[in-house]
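To start, the structure under review is shown below, and the notes come after it.
The values are calculated or read from the model by the stated rules, or taken from the named source; none is laboratory data. What you see is a predicted model; the values in this text were computed from it and never measured. Reconstructed Cβ throughout: ideal geometry from the backbone, glycine too, with neighbour counts over all protein chains shown. Surface areas here come from the heavy atoms of the whole protein model, side chains and all, with no ligands, DNA or RNA. Shrake-Rupley method; radii C 1.70, N 1.55, O 1.52, S 1.80 Å.
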Amino acid sequence: MEIIPQKGTASVVHVGESLHLNYEDSAKAKLCIDNRKPGGWGPASLLLVNQGLATLAFFGVGVNLVLYLTRVLGQDNASAANNVSKWTGTVYLFSLVGAFLSDSYWGRYLTCSLFQVIFVSGLLLLSLSSWFILLKPTNCGNGVITCMPPTTLGSIIFYLAIYMVAFGYGGHQPTLATLGADQFDESVPKQRNSKSGFFSLFYFSLNAGSLFSNTILVYYEDTGKWTLGFWLATGSAILALIAFLLGSSSYRYVNASGNPLPRIMQVFVAAFRKWNVRLTEGEPLYEVEGSESAIQGSRKIYHSDEFLFLDKAAIVTEQDLCSPPNPWRLCSVTQVEEVKCLFRMLPIWLCTIIYSLVFSQMASIFVEQGDVMNSEIGNFHLPAASMSSFDICSVLIFTGIYRQIVTPIAKRFTGNPRGLTELQRMGIGIIISMLAMVAAGVTEMERLKRVIPGVRVSPMSIFWQVPQYVLVGASEVFMYVGQLEFFNGQAPDGIKSFGSSLCMASISLGNFVSSMLVNIVMRITTGGNRLGWIPENLNLGHMDRFYFLIAALTAVDFVVYVFAARWYKAINVEESEHSSSTNEGEI
């Protein structure tokens, strides 16, 4: 049976059968990669430098934003905290915008370039507005000198600037990760392993950049040197852009695959229109012949046995034989499988949101807890927010431990050249995050035991928080690096950047879920004139119970995750015979 296709010639495959591709029709051709570009660790290293410098610039704004809002713009604590939460959540939601433009129209390189220009422009505007408009008198906002109330114009320019920063950084991040992965050819086993290493170093670079912001820049800004801190962040962002552009002639480029939304809708519409058509074993399914799929720049995907109702979209009927293929009535197997891949990844992604709930506590509840602990080191006062540097150092250390110790040991036991699968690593990350919440709860219990009536700060040292920060950092190495690898590797070629953006989207939702959980807990625990678990005076509350509640939710999440991971079946794309597929459903 032969059909006139949209592109090339067509073939009919049967349910359960696989398409075969010889070595000459390699993945490189199908991905539309410009083979004149070398790729490899050279250009990938420039992307890692870009990541570190851009992250330094971003956290140079974000790490003390709440203090800027209260000290410079004169907002109250609740309003400032709410505005920071909205801004942080928006940053990560913007990653979906960048991923969409990258996959659909602009490609990775152009998307990264344009969003970084927006990022730099936002930082320039923030630095200039603070210098000339907002910081009056000079050096105000240090906790001693009060700033003049901001003008309406000054406030508008400020919010425009920080949301340009959010838009630029958020849109740039997932695309940069995907562009880095593009530099390695998966058809070569050695480069496949290098791609895995790139994601570890990518997250390492992110934390290396944020370490400088959380130690050096936070000090300057906390003492009122806001303009200097913002200009240092701007300079870092400019250097990041320069490093990125230096690799322009050596990057491997992947063409955009067009807007995926119509493709997805076509599958549902076509399946609905053929709802009464019966799908039986051996039923012919439509697919395009040749080395490329009907989706520009994408490899073909083998047929899978999940969500068989979607296969109706690829059933060839008599009506389809009598006229040229209508994409709203007849879809290729690869197009159908693209939608199935999204369905299969959804349960895994949902399980990562609870983990991000744990991660979000570092910027909120952990800081509030540390603020009522003894943070004096001689005559030096250690800001509670700076304790996050232990998380960053933990990430940097455990990245090395994982690559140099855990991976070689895991190879011996699993036989997997990469040690642990992405799903296994994510599961371990969830377990460690649960232990972090238990450690935080135990620390709070001990803090409450040492509270002196009438004294706000407990004599218990703030360094008792170190274990919970270190455990969160260790969990990030397993969870977030595993997430980057998993969603990038399992996403179809046409939506690779979208796959990378799912990691940032889960962080965004984790922040929103955290806010919602706090509101629910306070509404329940403040009934009957009680103060609740997290009152204004933490010495009269039970924040330890809130930590243990999150630990319990994480335990339930892990159980659900195990079932989701065991059910999961990896994407199966056509590639060279020397490539190996990802392990399916292993945890």
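Worth a mention:
- Solvent-accessible area per residue, Å², over the chain with all protein chains present [probe radius 1.4 Å]: 41 Å²
- Mean separation of Cα pairs under 8 Å and 6 or more residues apart, divided by the residue count, gives segment 295-397 a relative contact order of 21 percent.
- Rounded to the nearest whole Hz, the Karplus-based 3J(HN,Hα) values (6.51 cos²θ - 1.76 cosθ + 1.60, θ = phi - 60°) of segment 490-503 follow the sequence 8, 6, x, 4, x, 9, 4, 5, 4, x, 5, 6, 4, 4, with x at glycine and proline.
- Rounded, prolate or oblate (a/c below 1.5 giving rounded, otherwise prolate when a/b exceeds b/c) for segment 303-353 by Cα gyration tensor: prolate
- Phi-based couplings in Hz for segment 114-123 (Karplus 6.51, -1.76, 1.60; Gly and Pro marked x): 5, 5, 5, 5, 4, 4, 5, 4, x, 5
- Portion, in percent, of the accessible area of segment 436-493 that falls on carbon or sulfur, probe 1.4 Å: 73 percent
- Amide hydrogen proximity for Asp185: with H placed 1.01 Å from N in the peptide plane, no residue at 5 or more positions away or on another chain lies under 5 Å.
- Carbon/sulfur fraction of accessible area - segment 155-278, other protein chains in place, 1.4 Å, %: 71 percent
- Compared with the dominant principal axis of the Cα atoms in the chain, helix 77-101 is inclined by about 20°.
- Cα centroid separation - segment 214-241 against segment 244-263, whole Å: 31 Å
- R0 of 35 Å, Cβ-Cβ distance Ser113-Glu446: FRET efficiency to nearest 0.05: 0.10
- Residue-averaged 222 nm ellipticity for the chain, from DSSP H runs of 4+ at -39500 (n - 2.57), nearest 500: -20000 deg cm²/dmol
- Under-5 Å amide H pairs with Met460, H placed in peptide plane, nonlocal only: Asn374
- Degrees, to the nearest 10: 260-273 long Cα axis against longest axis of the chain: 50 degrees
- Which listed pairs, of Lys86/Lys449; Lys411/Lys496; Lys86/Lys195, have C-alpha distances above 30 Å, in listed order: Lys86/Lys449; Lys86/Lys195
- Debye, to nearest 20: dipole size of segment 127-232, +1 on Lys, Arg Cβ, -1 on Asp, Glu Cβ: 80 debye
- Packing-based ranking, highest mean first, of 264-276, 376-388, 210-222 given that Cβ atoms within 10 Å are counted: 210-222, 264-276, 376-388
- A Cα-only calculation for segment 229-326 places Rg and Dmax at 22.1, 69 Å.
- Sequence ranges 547-556, 169-178, ranked by mean other-Cβ count within 10 angstrom, highest first: 169-178, 547-556
- Amide H contacts of Arg418 (H built 1.01 Å from N, in plane; Pro and chain starts excluded): no residue 5 or more places away or on another chain comes under 5 Å.
- Rg/Rh for segment 404-548, where both radii come from Cα atoms and Rh is the Kirkwood radius: 1.10
- Leading residue at positive end of dipole, the chain (Cβ point charges), from Thr280, Gln468, Leu246: Gln468
- Derived scalar couplings between HN and Hα for segment 437-448 equal 5, 5, 4, 5, x, 5, 4, 5, 4, 5, 5, 5 Hz in order, rounded to whole Hz, by the Karplus curve 6.51 cos²θ - 1.76 cosθ + 1.60 (θ = phi - 60°), x for Gly and Pro.
- Whole-number D in µm²/s for segment 85-124 (Stokes-Einstein; Kirkwood sum over Cα pairs; 20 °C, 1.002 mPa s): 199 µm²/s
- Per residue, the average separation of C-alpha pairs within less than 8 Å and at least 6 apart gives the chain a relative contact order of 22 percent.
- Convex hull of segment 152-311 built on C-alpha atoms - directionally averaged projected area, nm²: 16.1 nm²
- Segment 37-185, Cα convex hull volume normalised per residue, Å³: 111 Å³
- Peptides 41-54, 487-500 ranked from most to least packed give 487-500, 41-54, packing being the mean of other C-beta atoms within 10 angstrom over each peptide's residues.
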